[in-house]
Amino acid sequence: MLGIAAAIAVFVVLVGLGVFFLYNSLPGQASAPSTATPPAAAEEAGEADDSVLYIKVVGEASDVLVRVPGGEVLTDATMTQGQFLSYDHEELDVTLGDPEAVEVYVNGELMDLSDAGEDYSFVAEAA
């Protein structure tokens, strides 16, 4: 009798953990981007750090989706002015809701987004 109760308890715990990890793996469950102030050198020089991808919102707001190709969603959020994010992965798929509202640096180089339309997508690759 005690063995059956223990087995049921283990089963309930495993099902609970499974639901928890499944929920956290769904798109849109990524944590919000950092609101910390970027490094002083980036502010003064107008350049990002040496990350593969650095995005800073300079306009009002933009939807930002960053994910590892075919895999994990790293950011799926509406970022507001002053927020930034930085990632160092070999390759990243990026979609920007409003490219005019952001500055994007790939491998430390500012991207020209002047011709980019709404929901602009690109791949950032490590140099």
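Read-outs: derived from the displayed coordinates by stated rules, not from any lab. Since the model is a prediction, treat every value here as computed from it, not as a measurement. Because the Cβ atoms are built from the backbone with ideal geometry, glycine has one as well, and the counts that use them run over all protein chains shown.
Observations on the model:
- Mean separation of Cα contacts under 8 Å, 6 or more apart, over the residue count of region 69-127: relative contact order %: 40 percent
- The amide H of Gln83, built 1.01 Å from its N in the peptide plane, has Val57 as neighbours under 5 Å, considering only residues 5 or more places off or on other chains.
- Working note: Karplus 6.51/-1.76/1.60 with θ = phi - 60° gives region 90-96 the couplings 4, 8, 9, 8, 10, 10, 10 Hz, where Gly and Pro are set to x.
- Ordering of 59-69, 93-103, 117-127, 10-20 by packing [mean C-beta count within 10 Å, highest first]: 93-103, 59-69, 117-127, 10-20
- Residue-wise HN-Hα coupling along region 102-115, computed from phi with Karplus coefficients 6.51, -1.76, 1.60 (Hz; x: Gly, Pro): 10, 10, 10, 10, 10, 6, x, 9, 5, 7, 8, 10, 5, 9
- Cα gyration tensor category, rounded, prolate or oblate, for region 71-127 with a/c compared to 1.5: rounded
- Subtracting the Cα-Cα distance of Tyr87 and Glu72 from 0.36 nm times their residue separation leaves 4.1 nm of extension gain.
- Dipole of region 68-127, positive end: most advanced residue of Leu85, Gly70, Leu110 [Cβ charges, Cα centre]: Leu85
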